[in-house]
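> Sharing a structure here in structure tokens format.
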Amino acid sequence: TQKPSTDGSVDDNEKGDVADISPLVGIIMGSDSDLPTMRPAAEILEQFGVPFELTIVSAHRTPDRMFEYARAAHKRGLKAIIAGAGGAAHLPGMVAALTPLPVIGVPVKGRCLDGVDSLHSIVQMPRGVPVATVAINNAVNAALLAVRIIGASCPTYLDAMAQYMDDMRVSVEKKIDHLGTTGWK
Ligand code: RP5
């Protein structure tokens, strides 16, 4: 496996260097038109040093590929799948039906209906087949959740998440200091 870049291509400089790193997270999406929305997930995983792969798998246009991908995912060593889709967004739910891995769904906002169609398609799963659904277009949270899932059994990623949370607190506190307060603490 070569380290994928955030646009799904492989950087020539990376070839050979990281050939043995197996991806822990799979980022899949229904169409290349989802890439601008899903790319931030890849950026977060890069930031945390989580090996990942990124590709297009469409529930409707490439159903056989979806079956193959989802059925093999855990055997290839993936620990979580982030699936983004828009409109009649069946990809996350169908993948969750086919894999025992945790699936995180990202509702992608399409050209109509403000992404509520995608949200409802992904979040309204039947009992027994969970998809952890994040907010519309919030691929960042999908990746952070994937890091937490992996971190539950890997102290390196757990510590990195604790650090991320602390950095976030500090950055908000700086803004509070900058803004000042009016009558409260
Ligand atoms: C879904 O249909 C994709 O996930 C995408 O969000 C939406 C539109 O796809 P394109 O027509 O832009 O390829 O399957």
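Every read-out reported here was derived from the displayed coordinates using simple, explicitly stated rules and does not represent laboratory data. As the structure is a computational prediction, the values presented were derived from the model and not from experiment.
> I'd like the orientation of helix 35-48 relative to the chain: the angle between its Cα long axis and the longest Cα principal axis, in ° from 0 to 90, rounded to 10.
Relative to the chain, helix 35-48 is tipped by roughly 60 degrees.
> Rounded to two decimals, what ratio of Rg to Rh does the chain give with C-alpha atoms and a Kirkwood Rh?
On the way: Rg = 17.7 Å, Rh = 17.3 Å.
With Rg and the Kirkwood Rh in hand, the quotient comes to 1.02.
> Over the chain, how many pairs of lysines fall under 19 Å by alpha carbon, counting only those 8 or more apart in sequence or from different chains? Before the final figure, lay out each step's value.
On the way: 3/15; 3/75; 3/79; 174/185; 175/185.
Lysine pair count for the chain: 5.
> So what is the calculated 222 nm ellipticity per residue for the chain, using -39500 (n - 2.57) for each DSSP H run with n of 4 or more, over all residues, to the nearest 500 deg cm²/dmol? Present the calculation step by step, with values, prior to reporting the outcome.
Values: 6 runs with 78 residues, N = 185.
For the chain, the value works out to -13500 deg cm²/dmol.
> Another one. Would you mind calculating the relative contact order of the chain from Cα pairs under 8 angstrom and at least 6 residues apart, reporting the percent as a whole number?
18 percent
> Does anyone have the angle between helix 63-72 and the longest principal axis of the chain? Alpha-carbon axes, 0 to 90°, nearest 10?
70 degrees
> Could you work out how far helix 155-179 tilts from the main Cα principal axis of the chain, as a 0 to 90 degree angle to the nearest 10?
With both axes taken from Cα atoms, the answer is about 40 degrees.
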